[in-house]
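What follows is a short report on a single structure.
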Amino acid sequence: MKEIFVPHSHDSADKVDSALEASQEGMRCLKISFAGLICTALIQTVIVIYTNSVALLGDTLHNYADALTAIPLAIAFLVGRRLATRAYTYGFGRAEDLAGIVVVVLIALSSAYAGYEAIMRFIHPSDVRHVGVLIIAGVVGFLGNEVVAQYRIRTGKRIGSAALVADGLHARTDGFTSLAVVLSAVGAWLGFRLADPIIGLLITIAILFVLRDAAREVYRRLMDAVDPALVDQAEQVIRATPGVIDVHGVQLRWLGHSLRAEARISVDTNTSLVDAHHLSHQVEHDLVHGVRRLTSATIHAEPLDPEATAAHELVAHHH
């Protein structure tokens with residue numbers, strides 16, 4: 001129950017790692033599993049019309065919503081790899097965030113519609129038709145998620161992708177939402193007419209948690225937020241690089257599902273320009289290897305105070 005109402009992350013950075021990104025097998029797994037979830041939802045859509053169940057409607061929309069959150073990841077691979085241009089000097093990683101906004105709107109609409117239908121069923125009770133078919137629909141939803149889960153976990157282990165394994169485990173927990181539809185069918189079979197709208201509202205709540213999670217991630221990306229632990233980790237990596245005396249102004253930002261860093265390092269005043277330049281790239285090298293998902297860094301080397309103070313004063317009044 002906890003996994004249903006406290007859903008997994010829908011941040012695409014948590015859904016991809018180097019093993020997955022570099023593997024054609026891993027990308028094929030993402031495509032096939034996405035298609036599997038969509039097919040499951042389409043089958044349930046037909047049964048929703050046949051059975052008149054708002055609980056199944058909510059579960060169907062939940063499956064659509066969960067599948068839709070894969071769209072920013074697809075955008076990241078299709079658009080984010082385009083080379084930077086004179087107009088888009090940072091590349092096209094932000095396209096993923098724009099797709100995320102669209103996904104959040106679609107999930108919000110699906111939750112609103114599911115909630116509306118469940119509430120209307122409370123106001124105007126209606127019998128669920130073909131209870132046996134409704135039970136089959138709940139089982140189909142569970143099996144669809146379970147098949148996707150097993151495929152992702154098996155492929156993830158084979159190619160060494162922890163992200164794909166984690167997403168498989170999360171798909172498995174989503175399957176239990178579909179089993180809730182079976183409970184509504186059993187309630188209807190026993191003559192409890194409110195079982196269907198009650199389960200429908202519970203599944204609507206589950207969709208709202210998905211919405212909250214997705215909206216929070218999109219908002220944080222648009223505002224250039226990162227996990228403070230990543231900043232601490234970057235500072236530790238920089239300070240551990242031989243030749244670095246101190247580090248200041250570490251900044252991280254997401255571009256798509258990759259991180260970019262900026263930092264100022266203090267070096268010995270007698271360090272030559274050539275050595276300072278080499279040290280800056282050594283720090284960048286250490287950051288790329290030491291911080292997950294970081295792909296590039298701009299490092300500014302400067303002498304110790306007070307030698308650096310005069311240069312800083314040139315731009316201090318602009319900050």
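Using a cut-off of under 15 Å, list every residue of the stretch 183-218 whose amide N is near the label point 7 Å from the Cα of ALA112 along the Cα-to-beta-carbon line.
208, 211-212
Roll a 1.4 angstrom probe over the protein heavy atoms and tell me the percent of accessible area of the stretch 190-319 that is carbon or sulfur.
Numbers: 4400 of 7390 Å².
Within the stretch 190-319, the accessible surface is 60 percent carbon and sulfur.
In nm, to one decimal, how far is the modelled label at VAL186 from the one at HIS124, with both set 7 Å along Cα→Cβ?
3.1
If you count, for each residue, the other Cβ atoms within 10 Å and average over each peptide, how do 83-89, 117-123 line up from highest to lowest? Write out the running numbers ahead of the final one.
Numbers: 83-89: 8.1, 117-123: 16.4.
Per-residue Cβ counts within 10 Å, averaged per peptide and sorted highest first, yield 117-123, 83-89.
In a shell of Cβ-Cβ distance under 13 Å around VAL139, excluding VAL139 itself, what net charge do Lys and Arg (+1) and Asp and Glu (-1) give?
On the way: positive: none; negative: ASP59, GLU146.
Computed value for this residue: -2.
Report, by chain and number, residues whose modeled amide H sits under 5 Å from the one on ALA301, excluding near sequence neighbours (fewer than 5 apart, same chain).
Counting only residues 5 or more places away or on other chains, the set is ILE265.
Restricting the count to DSSP beta bridges whose residues both fall in the chain, what percent are antiparallel, rounded to a multiple of 5?
On the way: 8 of 17 bridges.
Taking every DSSP beta bridge within the chain, about 45 percent pair in antiparallel fashion.
Would you compute, from DSSP H runs of 4+ residues alone, the mean residue ellipticity of the chain at 222 nm, taking -39500 (n - 2.57) per run and dividing by the full residue count, rounded to the nearest 500? Walk me through the numbers before you get to the answer.
Working: 12 runs with 211 residues, N = 319.
Calculated mean residue ellipticity at 222 nm is -22500 deg cm²/dmol.
Distance in nm between label sites at ARG28 and HIS277, each 7 Å beyond Cα in the beta-carbon direction?
4.6
Measuring with a 1.4 Å probe in the full set of protein chains, what accessible area per residue, in whole Å², belongs to the chain?
51
Could you give each residue of the stretch 208-222 its phi-based ³J(HN,Hα) in whole Hz, using Karplus coefficients 6.51, -1.76, 1.60 with θ = phi - 60°, and x for Gly or Pro?
5, 5, 4, 4, 4, 5, 5, 5, 5, 5, 5, 4, 4, 5, 4
For the residue pair LEU194 and THR309, what label-to-label distance in nm results when each label sits 7 Å from Cα along the Cα-to-beta-carbon direction?
If labels sit at LEU194 and THR309, their model points lie 7.5 nm apart.
Suppose R0 equals 30 Å. What FRET efficiency, 1/(1 + (r/R0)^6) with r the Cβ-Cβ distance, do HIS318 and LEU83 give to the nearest 0.05?
0.45
The values are calculated or read from the model by the stated rules, or taken from the named source; none is laboratory data. In this text, all values refer to a predicted model and were calculated from it rather than measured experimentally. Virtual Cβ from ideal backbone geometry, glycine too; neighbours counted across all protein chains shown. For accessibility, only protein heavy atoms count, side chains too; no ligands or nucleic acids. Shrake-Rupley method; radii C 1.70, N 1.55, O 1.52, S 1.80 Å.
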